[in-house]
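The values are calculated or read from the model by the stated rules, or taken from the named source; none is laboratory data. This one's a predicted model, so the numbers in the text were calculated from it and none came from an experiment. Here the Cβ positions follow ideal geometry from the backbone for every residue, glycine too, while neighbour counts run over all protein chains shown. Calculation scope for accessible area: heavy atoms of the full protein, side chains included, ligands and nucleic acids excluded. Shrake-Rupley method; radii C 1.70, N 1.55, O 1.52, S 1.80 Å.
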Amino acid sequence: MPAFVVIGAIMSGKASTLVASMLGLGVSVAVALTAAPHSFQLADAAVSLARGIWIGWVVVPYILGGVLFWQIAMRPDAALPAAGALPDVRAGRRLLFAACFLIGPFAEAATGFGVGIIGTMALVRRLQVGPVHLLVFSLLSQTMILWGAMGSGTIMAAALARTDPTTLAVHASVLVVAFNIAWLALYWRLADQAGFTAGWRERLREALWLGASLALVITATALLGPETAMLAAYGPMIALRYLVDERPNRRALGRMLRRMLPFGVLIGWLAATRLFAPLEGFLLAAGRLQPFAGTPAWAPLFHAGTWLVVAAILTGLLRGQARIFPTDVRAAWTTGRLAILSIFTFSAMAEILAGSGIATGLAQGLFLTLGRTAVVLMSVVSAVYGALANSSNAANGLFMAAQVNLAVEAGLHLAAAIALQHAAALSLNLVSPVRIAIACSLAGTPGREREAYRAMLPFALVTIALLLTAAILVVAWGAGR
(Lines give C-alpha, C1' and ligand atoms only; values in the text may rest on other atoms or scores of the structure.)
Protein backbone atom coordinates (compact mmCIF):
# COMPACT_ATOMS: atom_id res chain seq x y z
CA MET A 1 0.00 0.00 0.00
CA PRO A 2 2.74 2.60 0.76
CA ALA A 3 4.30 1.99 -2.66
CA PHE A 4 0.94 2.15 -4.45
CA VAL A 5 0.03 5.41 -2.71
CA VAL A 6 3.32 7.10 -3.64
CA ILE A 7 3.33 5.87 -7.24
CA GLY A 8 -0.34 6.72 -7.71
CA ALA A 9 0.10 10.23 -6.30
CA ILE A 10 3.01 10.98 -8.63
CA MET A 11 1.39 9.49 -11.72
CA SER A 12 -1.78 11.49 -11.08
CA GLY A 13 0.17 14.65 -11.83
CA LYS A 14 -1.58 16.41 -8.94
CA ALA A 15 1.06 15.83 -6.27
CA SER A 16 4.73 16.73 -6.12
CA THR A 17 7.33 14.19 -5.09
CA LEU A 18 7.39 15.76 -1.63
CA VAL A 19 3.62 15.51 -1.18
CA ALA A 20 3.64 11.94 -2.50
CA SER A 21 6.43 11.00 -0.09
CA MET A 22 4.54 12.52 2.84
CA LEU A 23 1.43 10.53 1.90
CA GLY A 24 3.55 7.40 1.60
CA LEU A 25 5.13 8.01 5.00
CA GLY A 26 1.73 8.43 6.65
CA VAL A 27 0.43 5.23 5.07
CA SER A 28 3.63 3.39 6.01
CA VAL A 29 3.20 4.31 9.66
CA ALA A 30 -0.48 3.30 9.63
CA VAL A 31 0.21 -0.05 7.97
CA ALA A 32 3.20 -0.77 10.20
CA LEU A 33 1.18 -0.12 13.37
CA THR A 34 -1.76 -2.28 12.26
CA ALA A 35 -0.49 -5.02 9.96
CA ALA A 36 3.26 -5.49 10.41
CA PRO A 37 4.61 -9.09 10.41
CA HIS A 38 5.74 -8.65 14.00
CA SER A 39 4.90 -6.40 16.92
CA PHE A 40 5.54 -2.75 16.03
CA GLN A 41 4.43 -0.11 18.51
CA LEU A 42 4.47 3.69 18.59
CA ALA A 43 7.83 3.68 20.35
CA ASP A 44 9.29 1.52 17.54
CA ALA A 45 7.81 3.88 14.96
CA ALA A 46 9.39 6.85 16.72
CA VAL A 47 12.82 5.16 16.65
CA SER A 48 12.46 4.32 12.94
CA LEU A 49 11.42 7.90 12.15
CA ALA A 50 14.40 9.24 14.08
CA ARG A 51 16.73 6.87 12.23
CA GLY A 52 15.33 8.06 8.90
CA ILE A 53 15.73 11.71 9.86
CA TRP A 54 19.32 11.07 10.90
CA ILE A 55 20.12 9.38 7.56
CA GLY A 56 18.58 12.34 5.75
CA TRP A 57 20.57 14.82 7.85
CA VAL A 58 23.87 13.18 6.90
CA VAL A 59 23.02 13.71 3.21
CA VAL A 60 21.68 17.29 3.44
CA PRO A 61 25.05 19.15 3.68
CA TYR A 62 26.13 17.65 0.35
CA ILE A 63 23.08 19.18 -1.32
CA LEU A 64 23.06 22.63 0.25
CA GLY A 65 26.84 22.94 0.23
CA GLY A 66 27.11 21.81 -3.39
CA VAL A 67 24.47 24.21 -4.67
CA LEU A 68 25.86 27.12 -2.64
CA PHE A 69 29.45 26.56 -3.75
CA TRP A 70 28.47 26.20 -7.42
CA GLN A 71 26.44 29.41 -7.34
CA ILE A 72 29.31 31.44 -5.90
CA ALA A 73 32.23 29.80 -7.71
CA MET A 74 30.58 29.88 -11.15
CA ARG A 75 29.10 33.37 -11.01
CA PRO A 76 28.27 34.71 -13.54
CA ASP A 77 28.72 32.16 -16.37
CA ALA A 78 29.65 28.60 -17.24
CA ALA A 79 32.88 26.68 -16.92
CA LEU A 80 34.08 27.38 -20.46
CA PRO A 81 33.77 30.80 -22.08
CA ALA A 82 30.76 31.11 -24.34
CA ALA A 83 32.00 34.13 -26.28
CA GLY A 84 33.69 34.18 -29.65
CA ALA A 85 32.87 33.18 -33.18
CA LEU A 86 30.98 30.01 -33.97
CA PRO A 87 33.43 27.13 -34.32
CA ASP A 88 33.83 25.01 -37.46
CA VAL A 89 32.29 21.54 -37.60
CA ARG A 90 35.30 19.82 -36.06
CA ALA A 91 35.64 22.32 -33.22
CA GLY A 92 31.87 22.29 -32.74
CA ARG A 93 31.87 18.50 -32.47
CA ARG A 94 34.57 18.64 -29.80
CA LEU A 95 32.77 21.34 -27.84
CA LEU A 96 29.57 19.29 -28.07
CA PHE A 97 31.24 16.18 -26.65
CA ALA A 98 32.91 18.11 -23.83
CA ALA A 99 29.62 19.80 -22.90
CA CYS A 100 27.61 16.55 -22.87
CA PHE A 101 30.05 14.08 -21.34
CA LEU A 102 32.45 16.16 -19.25
CA ILE A 103 31.25 19.61 -18.19
CA GLY A 104 27.56 18.74 -17.71
CA PRO A 105 28.24 15.66 -15.56
CA PHE A 106 30.83 17.62 -13.56
CA ALA A 107 28.23 20.32 -12.79
CA GLU A 108 25.67 17.67 -11.89
CA ALA A 109 28.17 15.96 -9.58
CA ALA A 110 28.88 19.18 -7.72
CA THR A 111 25.24 20.16 -7.22
CA GLY A 112 22.60 17.79 -8.54
CA PHE A 113 19.04 18.95 -9.29
CA GLY A 114 19.59 19.19 -13.05
CA VAL A 115 22.19 21.97 -12.77
CA GLY A 116 24.26 20.03 -15.31
CA ILE A 117 21.48 20.70 -17.83
CA ILE A 118 22.04 24.44 -17.43
CA GLY A 119 25.79 24.26 -18.00
CA THR A 120 25.49 21.94 -20.98
CA MET A 121 22.72 23.97 -22.60
CA ALA A 122 24.69 27.21 -22.24
CA LEU A 123 27.54 25.68 -24.26
CA VAL A 124 25.44 23.80 -26.83
CA ARG A 125 23.52 27.00 -27.66
CA ARG A 126 26.74 28.30 -29.26
CA LEU A 127 26.38 25.62 -31.90
CA GLN A 128 22.94 26.80 -33.05
CA VAL A 129 21.42 23.31 -33.12
CA GLY A 130 17.68 22.75 -33.47
CA PRO A 131 15.45 22.86 -30.37
CA VAL A 132 14.98 19.09 -30.03
CA HIS A 133 18.70 18.41 -30.39
CA LEU A 134 19.38 21.15 -27.83
CA LEU A 135 17.05 19.35 -25.40
CA VAL A 136 18.58 15.92 -25.95
CA PHE A 137 22.19 17.05 -25.73
CA SER A 138 21.41 18.96 -22.53
CA LEU A 139 19.81 15.88 -20.96
CA LEU A 140 23.01 13.91 -21.64
CA SER A 141 24.54 15.88 -18.77
CA GLN A 142 22.73 13.36 -16.53
CA THR A 143 24.75 10.33 -17.70
CA MET A 144 26.93 10.17 -14.56
CA ILE A 145 24.08 10.48 -12.07
CA LEU A 146 25.65 7.77 -9.87
CA TRP A 147 27.95 10.51 -8.58
CA GLY A 148 25.38 13.32 -8.78
CA ALA A 149 24.98 15.82 -5.93
CA MET A 150 28.30 14.79 -4.37
CA GLY A 151 27.24 11.14 -4.37
CA SER A 152 24.42 11.86 -1.92
CA GLY A 153 22.08 9.33 -3.56
CA THR A 154 24.70 6.60 -3.30
CA ILE A 155 25.41 7.47 0.33
CA MET A 156 21.71 7.27 1.17
CA ALA A 157 21.29 4.00 -0.77
CA ALA A 158 24.20 2.49 1.14
CA ALA A 159 22.68 3.60 4.43
CA LEU A 160 19.35 1.96 3.54
CA ALA A 161 21.12 -1.23 2.42
CA ARG A 162 23.40 -1.25 5.51
CA THR A 163 26.52 -1.36 3.34
CA ASP A 164 29.57 0.75 2.55
CA PRO A 165 28.93 3.59 0.05
CA THR A 166 32.31 3.24 -1.64
CA THR A 167 31.79 -0.47 -2.25
CA LEU A 168 28.27 0.18 -3.55
CA ALA A 169 29.45 2.91 -5.93
CA VAL A 170 32.30 0.81 -7.34
CA HIS A 171 29.98 -2.16 -7.94
CA ALA A 172 27.22 -0.01 -9.47
CA SER A 173 29.75 1.71 -11.74
CA VAL A 174 29.97 -1.49 -13.81
CA LEU A 175 26.43 -0.85 -15.03
CA VAL A 176 27.10 2.86 -15.44
CA VAL A 177 29.99 2.02 -17.77
CA ALA A 178 27.68 -0.22 -19.82
CA PHE A 179 25.06 2.55 -19.96
CA ASN A 180 27.63 5.10 -21.13
CA ILE A 181 28.95 2.86 -23.90
CA ALA A 182 25.44 2.47 -25.28
CA TRP A 183 24.61 6.16 -24.80
CA LEU A 184 27.81 7.19 -26.61
CA ALA A 185 26.78 5.18 -29.68
CA LEU A 186 23.38 6.91 -29.67
CA TYR A 187 25.10 10.28 -29.18
CA TRP A 188 27.16 9.68 -32.33
CA ARG A 189 23.97 9.23 -34.32
CA LEU A 190 22.40 12.39 -32.86
CA ALA A 191 25.54 14.48 -33.40
CA ASP A 192 25.63 13.45 -37.07
CA GLN A 193 21.95 14.32 -37.43
CA ALA A 194 22.61 17.74 -35.87
CA GLY A 195 25.21 18.47 -38.56
CA PHE A 196 28.36 17.72 -36.56
CA THR A 197 29.52 14.70 -38.49
CA ALA A 198 32.75 12.93 -37.69
CA GLY A 199 34.70 9.98 -39.00
CA TRP A 200 35.66 6.94 -37.02
CA ARG A 201 38.95 8.52 -36.01
CA GLU A 202 37.12 11.30 -34.14
CA ARG A 203 34.67 8.79 -32.71
CA LEU A 204 37.55 6.67 -31.44
CA ARG A 205 38.99 9.82 -29.87
CA GLU A 206 35.69 10.47 -28.08
CA ALA A 207 35.50 6.86 -26.91
CA LEU A 208 39.03 7.09 -25.49
CA TRP A 209 38.22 10.35 -23.67
CA LEU A 210 35.08 8.82 -22.18
CA GLY A 211 36.85 5.57 -21.31
CA ALA A 212 39.70 7.40 -19.61
CA SER A 213 37.25 9.59 -17.70
CA LEU A 214 35.26 6.59 -16.50
CA ALA A 215 38.40 4.71 -15.47
CA LEU A 216 39.63 7.77 -13.58
CA VAL A 217 36.35 8.38 -11.74
CA ILE A 218 36.02 4.73 -10.71
CA THR A 219 39.61 4.76 -9.43
CA ALA A 220 38.92 8.00 -7.58
CA THR A 221 35.78 6.44 -6.09
CA ALA A 222 37.76 3.50 -4.75
CA LEU A 223 40.39 5.83 -3.25
CA LEU A 224 38.33 8.83 -2.11
CA GLY A 225 34.72 7.67 -1.87
CA PRO A 226 31.74 8.62 -4.06
CA GLU A 227 31.20 12.14 -2.72
CA THR A 228 34.46 13.64 -4.05
CA ALA A 229 35.33 11.24 -6.88
CA MET A 230 33.75 13.17 -9.77
CA LEU A 231 35.29 16.47 -8.71
CA ALA A 232 38.73 14.90 -8.33
CA ALA A 233 38.54 12.97 -11.61
CA TYR A 234 36.61 15.21 -13.99
CA GLY A 235 38.14 18.52 -12.86
CA PRO A 236 41.58 17.63 -14.27
CA MET A 237 39.99 15.97 -17.33
CA ILE A 238 38.03 19.13 -18.18
CA ALA A 239 41.15 21.26 -17.75
CA LEU A 240 43.14 18.94 -20.00
CA ARG A 241 40.37 18.89 -22.58
CA TYR A 242 40.23 22.70 -22.53
CA LEU A 243 43.98 22.95 -23.17
CA VAL A 244 43.86 20.41 -26.00
CA ASP A 245 40.79 21.82 -27.76
CA GLU A 246 41.05 25.57 -27.13
CA ARG A 247 44.85 26.03 -27.09
CA PRO A 248 44.42 29.26 -25.12
CA ASN A 249 46.91 32.10 -25.10
CA ARG A 250 48.51 33.24 -21.87
CA ARG A 251 45.80 35.80 -21.07
CA ALA A 252 42.91 33.40 -21.68
CA LEU A 253 44.67 30.70 -19.68
CA GLY A 254 45.17 33.11 -16.78
CA ARG A 255 41.46 34.00 -16.74
CA MET A 256 40.49 30.36 -16.76
CA LEU A 257 42.94 29.49 -13.96
CA ARG A 258 41.55 32.26 -11.77
CA ARG A 259 38.04 31.06 -12.47
CA MET A 260 38.81 27.43 -11.67
CA LEU A 261 41.02 28.15 -8.64
CA PRO A 262 38.22 27.54 -6.05
CA PHE A 263 37.56 24.12 -7.58
CA GLY A 264 41.25 23.24 -7.63
CA VAL A 265 41.78 24.18 -3.99
CA LEU A 266 38.62 22.39 -2.85
CA ILE A 267 39.43 19.23 -4.81
CA GLY A 268 43.00 19.21 -3.50
CA TRP A 269 41.88 19.60 0.10
CA LEU A 270 39.19 16.93 -0.13
CA ALA A 271 41.67 14.54 -1.73
CA ALA A 272 44.17 15.23 1.06
CA THR A 273 41.57 14.46 3.73
CA ARG A 274 41.00 11.03 2.15
CA LEU A 275 44.57 10.09 1.23
CA PHE A 276 46.66 11.14 4.25
CA ALA A 277 45.88 8.71 7.04
CA PRO A 278 46.81 10.95 10.05
CA LEU A 279 44.70 13.83 8.74
CA GLU A 280 41.84 11.49 7.86
CA GLY A 281 41.92 9.90 11.32
CA PHE A 282 41.87 13.26 13.09
CA LEU A 283 38.99 14.64 11.02
CA LEU A 284 36.97 11.44 11.38
CA ALA A 285 37.31 11.46 15.18
CA ALA A 286 36.63 15.17 15.75
CA GLY A 287 33.02 15.59 16.86
CA ARG A 288 31.94 12.25 15.39
CA LEU A 289 28.30 11.32 16.07
CA GLN A 290 26.45 8.06 15.39
CA PRO A 291 23.29 7.94 17.50
CA PHE A 292 21.90 4.79 15.83
CA ALA A 293 23.66 1.53 15.06
CA GLY A 294 23.70 0.68 11.37
CA THR A 295 23.35 4.30 10.22
CA PRO A 296 26.07 6.57 8.78
CA ALA A 297 28.21 8.47 11.27
CA TRP A 298 28.55 12.24 10.97
CA ALA A 299 32.01 13.72 11.41
CA PRO A 300 31.55 17.44 10.67
CA LEU A 301 35.21 18.12 9.85
CA PHE A 302 35.43 15.13 7.49
CA HIS A 303 32.08 15.67 5.78
CA ALA A 304 32.54 17.01 2.23
CA GLY A 305 29.38 19.11 2.63
CA THR A 306 31.04 21.08 5.42
CA TRP A 307 34.01 21.94 3.22
CA LEU A 308 31.72 22.90 0.33
CA VAL A 309 30.13 25.51 2.60
CA VAL A 310 33.56 26.69 3.82
CA ALA A 311 34.80 26.92 0.21
CA ALA A 312 31.69 28.88 -0.80
CA ILE A 313 32.20 31.39 2.04
CA LEU A 314 35.92 31.85 1.35
CA THR A 315 35.34 32.23 -2.39
CA GLY A 316 32.69 34.88 -1.79
CA LEU A 317 34.93 36.77 0.64
CA LEU A 318 37.98 36.70 -1.63
CA ARG A 319 35.91 37.94 -4.57
CA GLY A 320 34.38 40.74 -2.52
CA GLN A 321 30.87 39.32 -2.69
CA ALA A 322 30.15 38.92 1.02
CA ARG A 323 27.25 41.38 0.90
CA ILE A 324 25.18 39.09 -1.33
CA PHE A 325 25.94 35.93 0.64
CA PRO A 326 22.48 35.91 2.34
CA THR A 327 20.91 36.02 -1.12
CA ASP A 328 23.04 33.05 -2.19
CA VAL A 329 22.00 31.08 0.89
CA ARG A 330 18.31 31.77 0.20
CA ALA A 331 18.75 30.76 -3.46
CA ALA A 332 20.51 27.52 -2.45
CA TRP A 333 17.70 26.68 -0.04
CA THR A 334 15.07 27.48 -2.69
CA THR A 335 16.82 25.18 -5.16
CA GLY A 336 17.33 22.30 -2.78
CA ARG A 337 14.50 22.43 -0.24
CA LEU A 338 12.06 20.08 -1.97
CA ALA A 339 14.75 17.47 -2.53
CA ILE A 340 15.97 17.84 1.05
CA LEU A 341 12.51 17.43 2.57
CA SER A 342 11.81 14.49 0.25
CA ILE A 343 15.01 12.79 1.38
CA PHE A 344 13.87 13.05 5.00
CA THR A 345 10.43 11.56 4.24
CA PHE A 346 11.65 8.78 1.95
CA SER A 347 14.43 7.71 4.32
CA ALA A 348 11.97 7.72 7.24
CA MET A 349 9.54 5.64 5.19
CA ALA A 350 12.30 3.17 4.31
CA GLU A 351 13.21 2.79 7.99
CA ILE A 352 9.54 2.21 8.91
CA LEU A 353 9.24 -0.50 6.24
CA ALA A 354 12.49 -2.14 7.34
CA GLY A 355 12.00 -1.83 11.11
CA SER A 356 8.45 -3.17 11.05
CA GLY A 357 9.40 -6.23 9.01
CA ILE A 358 7.24 -5.19 6.06
CA ALA A 359 10.21 -5.14 3.66
CA THR A 360 11.20 -8.64 4.71
CA GLY A 361 7.62 -9.87 4.41
CA LEU A 362 7.27 -8.40 0.92
CA ALA A 363 10.53 -10.00 -0.17
CA GLN A 364 9.46 -13.40 1.17
CA GLY A 365 6.08 -13.14 -0.53
CA LEU A 366 7.58 -12.11 -3.86
CA PHE A 367 10.11 -14.91 -3.72
CA LEU A 368 7.46 -17.52 -2.88
CA THR A 369 5.27 -16.28 -5.73
CA LEU A 370 7.79 -15.44 -8.47
CA GLY A 371 11.04 -17.03 -7.36
CA ARG A 372 14.21 -15.31 -8.52
CA THR A 373 12.24 -13.59 -11.29
CA ALA A 374 11.12 -11.13 -8.62
CA VAL A 375 14.61 -9.58 -8.66
CA VAL A 376 14.25 -8.82 -12.39
CA LEU A 377 10.79 -7.34 -11.85
CA MET A 378 11.96 -5.20 -8.93
CA SER A 379 14.79 -3.66 -10.96
CA VAL A 380 12.47 -2.55 -13.77
CA VAL A 381 9.89 -1.15 -11.34
CA SER A 382 12.66 0.73 -9.51
CA ALA A 383 13.92 2.22 -12.78
CA VAL A 384 10.49 3.44 -13.83
CA TYR A 385 9.66 4.75 -10.37
CA GLY A 386 13.03 6.50 -10.07
CA ALA A 387 12.27 8.31 -13.33
CA LEU A 388 8.75 9.27 -12.25
CA ALA A 389 9.97 10.58 -8.89
CA ASN A 390 13.07 12.19 -10.45
CA SER A 391 15.09 10.65 -7.65
CA SER A 392 16.94 7.45 -6.92
CA ASN A 393 16.29 8.22 -3.24
CA ALA A 394 12.57 7.69 -3.77
CA ALA A 395 13.00 4.33 -5.49
CA ASN A 396 15.58 3.12 -3.00
CA GLY A 397 13.48 4.35 -0.10
CA LEU A 398 10.61 2.16 -1.27
CA PHE A 399 12.42 -0.88 -2.62
CA MET A 400 16.01 -1.16 -1.33
CA ALA A 401 15.15 -2.97 1.90
CA ALA A 402 12.86 -5.38 0.05
CA GLN A 403 15.52 -6.01 -2.60
CA VAL A 404 18.12 -6.78 0.08
CA ASN A 405 15.80 -9.24 1.77
CA LEU A 406 14.79 -10.70 -1.57
CA ALA A 407 18.45 -11.32 -2.44
CA VAL A 408 18.94 -13.08 0.89
CA GLU A 409 15.81 -15.23 0.38
CA ALA A 410 16.88 -16.15 -3.17
CA GLY A 411 20.48 -16.86 -2.23
CA LEU A 412 21.85 -14.22 -4.59
CA HIS A 413 25.14 -12.37 -4.34
CA LEU A 414 24.12 -9.60 -1.95
CA ALA A 415 26.55 -6.89 -3.13
CA ALA A 416 25.55 -7.47 -6.76
CA ALA A 417 21.84 -7.28 -5.93
CA ILE A 418 22.31 -4.03 -3.99
CA ALA A 419 24.33 -2.50 -6.84
CA LEU A 420 21.67 -3.61 -9.32
CA GLN A 421 18.93 -1.96 -7.27
CA HIS A 422 20.82 1.32 -6.99
CA ALA A 423 21.82 1.39 -10.66
CA ALA A 424 18.20 0.66 -11.60
CA ALA A 425 16.89 3.45 -9.36
CA LEU A 426 19.02 6.07 -11.12
CA SER A 427 19.21 4.59 -14.63
CA LEU A 428 16.32 6.50 -16.24
CA ASN A 429 16.98 9.89 -14.66
CA LEU A 430 17.91 11.37 -18.02
CA VAL A 431 14.35 10.70 -19.27
CA SER A 432 12.67 11.78 -16.04
CA PRO A 433 9.54 13.87 -16.76
CA VAL A 434 10.78 16.48 -14.29
CA ARG A 435 14.17 16.84 -16.00
CA ILE A 436 12.63 16.94 -19.45
CA ALA A 437 10.28 19.68 -18.26
CA ILE A 438 13.28 21.58 -16.82
CA ALA A 439 15.16 21.25 -20.11
CA CYS A 440 12.16 22.44 -22.14
CA SER A 441 11.69 25.41 -19.85
CA LEU A 442 15.37 26.42 -20.02
CA ALA A 443 15.41 26.00 -23.80
CA GLY A 444 12.37 28.22 -24.20
CA THR A 445 10.44 25.39 -25.85
CA PRO A 446 7.53 24.60 -23.50
CA GLY A 447 5.05 22.20 -25.01
CA ARG A 448 7.69 20.23 -26.91
CA GLU A 449 8.06 17.56 -24.24
CA ARG A 450 6.54 14.93 -26.52
CA GLU A 451 9.26 15.53 -29.12
CA ALA A 452 11.89 15.30 -26.41
CA TYR A 453 10.45 11.98 -25.20
CA ARG A 454 10.47 10.65 -28.75
CA ALA A 455 14.10 11.65 -29.24
CA MET A 456 15.11 10.18 -25.86
CA LEU A 457 13.20 6.91 -26.38
CA PRO A 458 16.25 5.02 -27.76
CA PHE A 459 18.23 6.00 -24.65
CA ALA A 460 15.45 4.67 -22.41
CA LEU A 461 15.04 1.42 -24.37
CA VAL A 462 18.74 0.57 -24.42
CA THR A 463 18.95 1.34 -20.70
CA ILE A 464 16.08 -1.01 -19.89
CA ALA A 465 17.64 -3.70 -22.10
CA LEU A 466 20.97 -3.44 -20.27
CA LEU A 467 19.20 -3.39 -16.92
CA LEU A 468 17.26 -6.55 -17.74
CA THR A 469 20.44 -8.24 -18.92
CA ALA A 470 22.22 -7.32 -15.69
CA ALA A 471 19.28 -8.53 -13.58
CA ILE A 472 19.19 -11.87 -15.42
CA LEU A 473 22.96 -12.26 -14.92
CA VAL A 474 22.64 -11.55 -11.19
CA VAL A 475 19.89 -14.16 -10.92
CA ALA A 476 21.80 -16.71 -13.03
CA TRP A 477 24.95 -16.10 -10.97
CA GLY A 478 23.00 -16.75 -7.79
CA ALA A 479 21.39 -19.88 -9.23
CA GLY A 480 24.81 -21.29 -10.15
CA ARG A 481 26.36 -20.75 -6.72
Legend entry - Helix axis angle, 392-410 relative to the chain longest principal axis, alpha carbon, degrees: 50 degrees
Inset, instruction - Figure the gain on full extension for His413 and Gln290 (residue separation times 0.36 nm, minus the Cα-Cα span) and round it to one decimal in nm. - result: 41.4 nm
Legend entry - Cα gyration tensor category, rounded, prolate or oblate, for the range 205-319 with a/c compared to 1.5: oblate
Inset, instruction - Could you tell me how many degrees, from 0 to 90 and to the nearest 10, lie between the Cα long axis of helix 148-161 and the main elongation axis, the longest principal axis, of the Cα atoms of the chain? - result: 20 degrees
Inset, instruction - Choose one of Ala91, Ala415, Val375: the residue whose Cα lies farthest towards the positive end of the charge dipole of the chain (beta-carbon charges +1 Lys, Arg; -1 Asp, Glu; about the Cα centre). - result: Ala91
Inset, instruction - Treating the angle as unsigned and between 0 and 90°, give the value, to the nearest 10°, between the Cα long axis of helix 433-443 and the longest Cα principal axis of the chain. - result: 20 degrees
Inset, instruction - Quote the charge dipole size of the chain about the Cα centre in Debye, to the nearest 20; the model charges only the Cβ of Lys and Arg (+1) and of Asp and Glu (-1). - result: 1320 debye
Inset, instruction - Assign one of three labels to the range 145-290, namely rounded, prolate or oblate, based on the Cα gyration tensor with a ≥ b ≥ c the square roots of its eigenvalues; rounded applies when a/c is under 1.5, prolate when it is not and a/b is larger than b/c, and oblate otherwise. - result: oblate
Legend entry - Accessible surface, per residue, of the chain when the full set of protein chains is kept, probe 1.4 Å, Å²: 41 Å²
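Per the 1.4 Å probe, what fraction of the accessible area of the chain, in percent, lies on carbon and sulfur atoms?
For the chain, the apolar C and S fraction of the accessible surface comes to 69 percent.
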Legend entry - Shape of the chain, Cα gyration tensor, a/c cut at 1.5: prolate
Inset, instruction - Consider just the alpha-carbon atoms of the range 326-457 and return their Rg together with their Dmax, both in angstrom. - result: 17.5, 56
Inset, instruction - Using a 10 Å cut-off on Cβ atoms, rank the peptides 310-320, 296-306 from the highest mean neighbour count down. - result: 296-306, 310-320
Legend entry - From phi via Karplus (6.51, -1.76, 1.60), per-residue ³J(HN,Hα) for the range 348-363 in Hz, x at Gly/Pro: 5, 4, 4, 5, 4, 5, 6, x, 7, x, 5, 4, 5, x, 4, 4
Inset, instruction - Set Lys and Arg Cβ to +1 and Asp and Glu Cβ to -1, take the dipole of the chain about its Cα centre, and tell me which of Leu224, Met456, Met22 lies farthest positive. - result: Met456
Legend entry - the range 218-262-the range 1-63 distance, computed between alpha-carbon centres (Å): 40 Å
